[in-house]
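Single-structure report; data block below.
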Amino acid sequence: MLVFKEIISVTLILFSVIDILGSLPVLIDLRKKVGKIEAERATFASGVLMIVFLFLGERILKLFGVDVASFAVAGALIIFLIGLEMILGRTIFKSELEADGAAHIVPIAFPLIAGAGTLTTLISLRAEYQTVNILIGVVLNLVLVYIVLKSSEWLEDRIGPGGLNVLRKIFGIILLAISIKLIKTNLLPANF
C-alpha cells in the first residue's frame, strides 16, 4: 500500500546516505580520469544493486558467510581510499577504459551511490517500511543521481578549478570521516 509519508521518509533517508551532491568532487575527478561518466550505466547499475540488495542482501551475505557489519567495513575501506585520493592527489583506482564500462560501476555505482551505507540502510528500512514505498524512494533517488551525473560537467564549469580543488579536499576529509565512522560503528565494540 502506498503511503506518502513513508515514501518521503525513505527518499530523504536514502538521499542523505547516498549523498550524491557531496560526491560531486569525486565524480568530477573520475570523469577527468576516464573521459566521461556514462550516467545511464552508472545509474542503472546502482539501481540494480540497490533493488537486488533490498530483496536478497542478507541472504547473499549469509551465503558467503559475511555479516552486514563486515560488508560495511569493506565498503568503508573503499571510501577511505577514495578520500585519500582526493586529499593527496594520488591515483589509487586506475581507470579501466578497456574494461568496457567497469570504471563506471566501480567506484561510481559501488561504493559511491550503492555503497555499504546505502545497502545496509536498505536492509534496515525493510524492517520499518513497506517494500513498495522503499522501491519508490529508491527510484526517486536514482532520478536525482542521474541528474547530478548528467550535469557534472556543467556543475564543474560553474564551480571553477579553484572551487573544485577546495571542494575536493573538503569532501575528501568528509569521506575519510565517514569511512572511519563506518569502521568504528561496525568493527569496534559499542563502548569505544
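Screening Gly83, Gly75, Gly65 for residues that are outside any helix (DSSP H, G or I) and either modelled with pLDDT of 90 or more or surrounded by 19 or more Cβ atoms within 10 Å (Cβ to Cβ) (or both) leaves exactly one candidate, Gly65.
Let me spell it out: the conditions are (1) within 26 Å of Glu156 (Cα to Cα); (2) open to solvent by 70 Å² or more (accessible area, probe 1.4 Å); (3) out of contact with any Leu (no Cβ under 9 Å at 6 or more places or on another chain); (4) touching a residue at least 40 places away in the same chain (Cβ under 8 Å), and Glu58 meets all of them except one. Which number is the exception? Of (1) within 26 Å of Glu156 (Cα to Cα); (2) open to solvent by 70 Å² or more (accessible area, probe 1.4 Å); (3) out of contact with any Leu (no Cβ under 9 Å at 6 or more places or on another chain); (4) touching a residue at least 40 places away in the same chain (Cβ under 8 Å), only one is false for Glu58: (1). Within the range 23-55, being crowded, with 19+ Cβ neighbours inside 10 Å and among the small types (Gly, Ala, Ser) holds for Ser23, Ala39, Ala42, Ala45, Ser46, Gly47. For the range 166-185, the criterion of being aromatic (Phe, Trp, Tyr), at pLDDT 80 or above and either in a helix (DSSP H, G or I) or open to solvent by 80 Å² or more (accessible area, probe 1.4 Å) (or both) is met by no residue.
If you filter the range 9-22 down to residues that are touching a residue at least 24 places away in the same chain (Cβ under 8 Å) and open to solvent by 30 Å² or more (accessible area, probe 1.4 Å), you find that the one that is nearest to Ala177 (Cα to Cα) is Val17.
Of the residues making up the range 133-160, those that are open to solvent by less than 80 Å² (accessible area, probe 1.4 Å), in contact with a helix residue (DSSP H, G or I) (Cβ under 8 Å, 6 or more places away or on another chain) and farther than 17 Å from Leu122 by Cα are Leu144, Tyr146, Val148, Leu149, Ser152, Leu155, Glu156, Ile159.
Residues in the range 92-119 that are at pLDDT 80 or above and open to solvent by 10 Å² or more (accessible area, probe 1.4 Å) were compared, and the one that is farthest from Ser9 (Cα to Cα) is Phe110.
The values are calculated or read from the model by the stated rules, or taken from the named source; none is laboratory data. Bear in mind that the values here come from a model prediction, so they are computed numbers and not experimental data. Cβ sites come from the backbone with ideal geometry, for glycine too, and all protein chains shown count toward neighbours. When the accessible area is computed, the model is the full protein with side chains, heavy atoms only, and any ligands, DNA or RNA have been set aside. Shrake-Rupley method; radii C 1.70, N 1.55, O 1.52, S 1.80 Å.
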